[in-house]
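Bear in mind that the values in this text are calculations on the coordinates, not laboratory data. Note that this is a predicted model, so its numbers are computed, not measured. Virtual Cβ from ideal backbone geometry, glycine too; neighbours counted across all protein chains shown.
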Amino acid sequence: PEPTLRDAYKNYFPIGVAVAPRTLTGPEADLVRQQFSSITPENAMKMGPIHPEENRYFWKDADAIVDFAVQNKIKVRGHTLCWHNQTPRWFFTDADGKQVSREVLLARLKQHINDVMGRYKGKIYAWDVVNEAVPDTGTSLYRKSKFYEIIGEDYIAKAFEYAHEADPGAQLFYNDYNTENASKRDRIYQILKKLKDKKVPIDGVGLQGHWSIYEPTPQELEESINRFASLGLKVQVTELDMSVYPKEHERRARKPTDVSEFTPEMEQKQVAQYKMLFDLFRKHKKTLTGVTFWNLSDKYSWLDNFPVPGRKDHPLLFDENYQPKKAYQSVVTF
Ligand code: G3I
């Protein structure tokens with residue numbers, strides 16, 4: 001029989017999976033326990049879900065995920081402390097609905113990071129501290145988010161400093177997608193270099209890895225790994241999945257591919273692409289310290305609603321019945 005993911009990679013890096021409360025019981029939980037050595041809450045620790053009002057936290061889902069990990073001796077990657085998405089309105093406004101000052105927003109950010117990291121101190125080995133701060137196109141280094149507009153570019157450094165104070169033992173990551181795009185890669189690099197030059201406590205960079213059967217090329221990916229590693233940073237693949245649709249083509253054509261079934265051609269490409277990725281990951285095991293899949297099986301993926309609502313995608317290693325796909329074999333046998 002084939003080895004499990006966690007066994008096949010035990011001398012390389014933890015293999016993780018994004019989970020929701022529903023993943024912690026029944027057949028999904030069995031598959032997580034059997035195959036994975038790390039979990040990440042898909043949504044439960046984001047600002048909106050965990051901190052809906054200034055003086056109210058909602059810990060239930062995040063607690064359940066961390067308890068599951070502790071009981072099963074699985075690592076936890078925390079996600080995410082500072083992001084422009086899924087952040088509640090109250091964070092940026094005062095009681096009269098007016099935008100808060102830099103000082104107030106920094107104080108709120110510090111309190112939030114301290115409370116969330118503090119609660120799970122010692123139980124979460126790595127955190128995505130700042131998520132997706134760089135725009136996809138253009139020449140600007142910084143996305144024009146509320147954090148950027150109200151605080152200024154040093155909100156990133158501040159978030160890392162607060163995180164390091166809250167749990168000095170946790171590894172701290174900057175996390176982003178499209179990291180193989182040459183321009184975005186370069187702008188992310190510039191930000192990370194500034195942080196390193198200023199001795200900001202950052203340990204690594206997360207390549208989200210929302211890829212497809214057509215992208216990235218091994219050259220593009222290797223360039224990203226080497227470039228970020230040259231700053232002395234660890235690299236983790238934090239949200240791996242592989243759409244069977246041609247994203248770039250769809251974007252340019254502004255027209256979605258109109259199929260939903262998993263064709264033999266898609267399957268063949270997916271097997272080859274997953275094999276390429278994991279061959280490369282193993283080759284870089286000194287730098288690459290973790291790989292996390294964004295969802296467990298093709299039964300549920302956020303890609304089923306993105307970019308085309310209701311169109312089924314087939315991005316993961318397990319099918320809708322939780323059975324290993326052919327791509328699974330190409331990842332665990334080497
Ligand atoms: O929980 C509510 C529910 O109460 C409500 O009835 C329902 C109706 O829309 O929405 C539910 O919330 C949804 C949530 O997922 C939980 O299912 C949100 O609408 C939906 O926007 C949210 O999507 C998440 C998305 O981040 C938000 O931007 C996806 O599950 C999650 O997979 C996705 O993950 C992100 C990473 O955090 C960062 N990188 C990109 C990645 C994919 O977008």
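Angle check, please: helix 26-35 long axis (alpha carbons) against the longest principal axis of the chain (alpha carbons), in degrees 0 to 90, nearest 10. It works out to around 80 degrees.
Please state the shape class of segment 206-334: rounded when a/c is under 1.5, otherwise prolate if a/b exceeds b/c and oblate if not, all from the C-alpha gyration tensor. It comes out prolate by the Cα gyration axes. Pull out a ≥ b ≥ c, the square roots of the eigenvalues of the alpha-carbon gyration tensor of segment 156-235, then state rounded if a/c is under 1.5, prolate if not and a/b is larger than b/c, and oblate in the remaining case. Cα axes put segment 156-235 in the prolate bin. In order along segment 105-120, the Karplus-derived 3J(HN,Hα) couplings, from 6.51 cos²θ - 1.76 cosθ + 1.60 at θ = phi - 60°, round to 5, 4, 5, 5, 5, 4, 4, 4, 4, 5, 5, 6, 5, x, 4, 10 Hz, and Gly and Pro are given as x. Computed over the chain, relative contact order equals 17 percent, with contacts defined as Cα pairs under 8 Å that lie 6+ residues apart. For the pair segment 15-34 and segment 280-334, the centres of their Cα atoms are 14 angstrom apart.
Sorted by average packing, counted as other Cβ atoms within 10 angstrom per residue and highest first, what order do 203-209, 71-77 take?
Working: 203-209: 23.9, 71-77: 17.6.
For the peptides 203-209, 71-77, the packing ranking is 203-209, 71-77.
In the chain, the longest principal axis of the Cα atoms and the axis of helix 182-197 are about 50 degrees apart.
Can you bin segment 1-87 into rounded, prolate or oblate? Criterion: square roots of the alpha carbon gyration tensor eigenvalues sorted a ≥ b ≥ c, rounded for a/c under 1.5, prolate for a/b above b/c, oblate for the rest. Cα axes put segment 1-87 in the prolate bin.
Can you tally the net charge around Val17? Count Lys and Arg as +1, Asp and Glu as -1, for every other residue whose Cβ sits under 14 Å from the Cβ of Val17.
Once positives and negatives cancel, what remains is 0.
Computed over every Cα-Cα pair of the chain and binned at 10 Å starting from 0, the pair-distance distribution P(r) comes out as 5, 26, 35, 26, 8, 1, 0 percent. When peptides 260-273, 43-56 are sorted by average Cβ neighbour count within 10 Å, with the highest value leading, the order is 43-56, 260-273. If the cut-off is a Cα-Cα distance under 27 Å, which lysines reach Lys146, setting aside same-chain residues fewer than 8 apart in sequence? Filter leaves Lys46, Lys98, Lys110, Lys158, Lys184, Lys193, Lys194, Lys196, Lys198, Lys199.
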